[in-house]
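The values are calculated or read from the model by the stated rules, or taken from the named source; none is laboratory data. Remember, predicted model here, so these are calculated numbers, not experimental data. All Cβ positions, glycine included, derive from the backbone under ideal geometry; neighbour counts span all protein chains shown. These area figures cover heavy atoms from the full protein model, side chains too; ligands, DNA and RNA do not enter into them. Shrake-Rupley method; radii C 1.70, N 1.55, O 1.52, S 1.80 Å.
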Amino acid sequence: MKNNIQVQTRDIAAIWEQQPLIISGPCSAETEEQVIKGAQDLAATGRVNIFRAGIWKPRTKPGMFEGVGAAGLPWLQKAKELTGLPIAIEVATSKQVALALAHDVDVLWIGARTTVNPFSVQEIADALRGVNVPVMIKNPINADIELWSGAMERISRANISKIGLIHRGFSSYGNTQYRNAPMWHLAIDMKLRYPDALMINDPSHICGRRDTLQAVMQKAADLDYDGLMIESHIDPDKAWSDAAQQITAARLKEILAEIQWRKEDANSASYRTALETIRQKINQLDDELLQLLSQRMQLAEEIAQYKKENNITILQSGRWSEVLENAIKTGAKKGLSKDFITRYFDAIHIESINHQKKIMDSRD
Ligand code: PEP
Ligand code: MN
């Protein structure tokens, strides 16, 4: 078994060097025909380097399609035989690793729901000891870069030399235009920590829909990513999982033709990623400031309710001078001018009074 792997590892080594590395295929292997036609359509684009398909699918709720399981592995072998495309699947247990290797799978990836669990990642790492197959590690579903980094270290300690990091976005609470918020700065931080690993963007799981894929792919190209993993399907609307985000091979070819991969020197690339990291952090802080301001106004409304019940006026000037004085003192220690603090707190005060007034004026 290991001898076979050695032969394939040599082949995959050359492919691993190709940039940008384009990985595509269905979210799930469904039928033999769907796998084979899917791989043939992708091979015909001339743009795809690796064929992916999910065999075991970790689903959020029970009772959904959980993948065809090991029965799909011979379909992938056949697809490889017919197209020459190396194959990649997701593994979550040592048993799945053994089955994948026994069926000549060329690249393994660890899914977002597995990266969060150090026991599972260690189990996979132990199963990989002595087999130098390329492994890609998706970011964990929660925005914890240390978990991602821990998984990376567990796999590299198993002497895996070809490691890819797949950025598929993070679960976030609340409405956003994304299925999984990209939080680009986290992926950029990982790229800076592990410059030898490939950084691959997965726009499909970030977007969760087709119409925004291209913009996310272009952004990844602008940020000097090494490759893309995009879900594709012979008949996307009829896919058994993730139907809304899959595209046909023909559409993939069109989008890829439009993506601009900048060729630039290392200096300007690192300047751009550094700038983008800082911008993303600023966006994150601005979001948090707005969340906090909104929470602050909710508290003001709660207070207004008490004032109303006890017939107290909104404006308590003694209390406000105290808040402002404290803020000026704290601001000075943190390098914020008195003038700025005064204007900022005046604006907060006015907004707070308006919120309180709304409660006072309401009839109940
Ligand atoms: C997938 O690639 O189909 C998948 C299950 O992705 P993730 O682990 O990113 O949710
Ligand atoms: Mn999927």
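Among the helices (runs of 4 or more DSSP H) confined to the range 201-269, the ones with at least 3 residues that are open to solvent by less than 40 Å² (accessible area, probe 1.4 Å) and touching a residue at least 60 places away in the same chain (Cβ under 8 Å) are located at 249-258.
Mind checking which helices (runs of 4 or more DSSP H) fall wholly inside the range 99-169 and carry at least 2 residues that are more than 16 Å from ligand 2 (Cβ to nearest atom) and not small (G, A, S)?
Helices (runs of 4 or more DSSP H) meeting the threshold: 118-128, 145-157.
Condition check ((1) open to solvent by 10 Å² or more (accessible area, probe 1.4 Å); (2) hydrophobic (A, V, I, L, M, F, W, C)) across all residues:
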{"site": "A143", "(1), (2)": "yes, yes"}
{"site": "S149", "(1), (2)": "no, no"}
{"site": "A158", "(1), (2)": "no, yes"}
{"site": "S161", "(1), (2)": "yes, no"}
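For the range 98-111, the set of residues classified as in contact with a strand residue (DSSP E or B) (Cβ under 7 Å, 6 or more places away or on another chain) and of a type outside the set (D, E) consists of A100, V105, V107, L108, W109, I110, G111, listed by residue number.
Within the range 52-66, restricting attention to residues that are among the aliphatic types (A, V, I, L, M) and surrounded by 22 or more Cβ atoms within 10 Å (Cβ to Cβ), the residue that is farthest from ligand 2 (Cβ to nearest atom) is I55. Within the range 199-213, the residues that satisfy the criterion of being more than 11 Å from ligand 1 (Cβ to nearest atom) and touching a helix residue (DSSP H, G or I) at 6+ places or on another chain (Cβ under 9 Å) are M199, I200, N201, P203, C207, R209, R210, T212, L213.
Output the qualifying pairs, or none if there are none: Cβ atoms under 8 angstrom, residues six or more apart or on different chains, first residue in the range 99-113 and not assigned by TED's automatic domain parsing to the domain that holds L198, second residue within 16 Å of ligand 1 (Cβ to nearest atom). Partner pairs satisfying both residue conditions: none exist. Only a single item in (1) free of Cβ contacts under 8 Å to residues at least 24 places away in the same chain; (2) under 24 Å from R272 (Cβ atoms) is not met by E153, and it is number (2).
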